[in-house]
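The values are calculated or read from the model by the stated rules, or taken from the named source; none is laboratory data. Computed from a predicted model, the values in this text were never measured in an experiment. Please note: Cβ atoms are built from the backbone with ideal geometry, for glycine as well, and neighbour counts cover all protein chains shown.
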Amino acid sequence: MYSFLFVDDENLMREFFAEVVDFKEYGFELAGMFATAESALSFLAGHPEIKAVITDIKMGSMSGIDFCEKVREFNQDILLVVLSGYKEFEYAQRALRCNVFDYLLKPTLYEDIDMLFKRMKKQLDAKEELKKEGPSDGPVLDYQYESMIGRIKKYIDENYDKDISLDSVAQYVAMNPSYLSRFFKQHTKCNFLDYVSRVRVDKAIACLADPTIRVGEICELVGYRTPQHFYKIFKQYTGCTPSEYRINVLGGTEEP
């Protein structure tokens, strides 16, 4: 059973989640409900067992996005879900930069919640399975190497929407670009450019779930300067175009 928090300053939303949704059916238990981001942060600091947080985006003195950014300062693994009635793209972009697991628009349908909890369960189960398998099935890293790989990945995860390159990352971690390329491949079994592309495609898929964001805008949100390049990379990793993915996989509709 995975523990999660729900943070929303609207009484009706808290009552809906507490009374209507059967969390145990999905393998979750509600560890706490909070009306402010500050109270949720205080609780999280003393409860590392919490695996996920669903938060509203607009709450008093601290927004849901500010809350997510503060959570990421001390917890990189927890699943963060933003619930919002706001459609502005800057909210979506900041949410993605916090490595938010999902971004749902209000009013939220029960079907959306059903799909969300199933996806969270699948993600958390996969993480637990990796822990059980241990490091022997993957590349063996000592602490120093693991720390450097973590820095490289963190930089990519936080800057994928910019004109990121092997040279810019090499400068950030004070490595020779050629050596960084070999180092990254040796210790992750993944090419540097493949990792960057995979991060961008994953972020694009998260954006596609929001019907208010057009495909052309997603292209810029995830760091591609031309739609043609974006479509080519996206199809390379998913087997279809962004529009086809939105319709056939996510069940969305064509853009007007």
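In table form, for the structure just shown:
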quantity	calculated
Near pairs, Cβ below 6 angstrom, 6+ apart or cross-chain, from the stretch 155-169 (aromatic (Phe, Trp, Tyr)) to any residue that is surrounded by 14 or more Cβ atoms within 10 Å (Cβ to Cβ)	Tyr155/Val169; Tyr155/Tyr172; Tyr160/Val199; Tyr160/Arg200; Tyr160/Gly223
Residue match in the stretch 200-217 (condition: of a type outside the set (Gly, Ala, Ser), under 26 Å from Gly150 (Cα atoms) and free of Cβ contacts under 8 Å to residues at least 12 places away in the same chain)	yes
Residue check, Arg246 loosely packed, with under 15 Cβ neighbours inside 10 Å, modelled with pLDDT under 95 and either among the basic types (Lys, Arg) or not in a helix (DSSP H, G or I) (or both)	no
Output for the stretch 222-249, where each listed residue is touching a residue at least 60 places away in the same chain (Cβ under 8 Å) and not hydrophobic (A, V, I, L, M, F, W, C)	Gly223, Arg225
Pair list, Cβ under 6 Å, 6 or more apart: the stretch 173-191 residue assigned by TED's automatic domain parsing to the domain that holds Met148, other residue at pLDDT 80 or above and aromatic (Phe, Trp, Tyr)	Ser181/Phe192; Phe184/Phe192
Matching residues, the stretch 18-40, being outside any strand (DSSP E or B), without any contact (Cβ under 8 Å) to a residue 40 or more places away in the chain and out of contact with any Asp or Glu (no Cβ under 6 Å at 6 or more places or on another chain)	Ala18, Glu19, Asp22, Lys24, Glu25, Thr36, Ala37, Glu38, Ser39, Ala40
The stretch 1-18, residues that are within 25 Å of the chain's Cα centre (by Cα), of a type outside the set (A, V, I, L, M) and surrounded by fewer than 17 Cβ atoms within 10 Å (Cβ to Cβ)	Ser3, Asp9, Glu10, Phe16
Any strands (runs of 3 or more DSSP E) falling wholly within the stretch 41-158 and containing at least 1 residues that are crowded, with 19+ Cβ neighbours inside 10 Å and at pLDDT below 85	79-84, 102-105
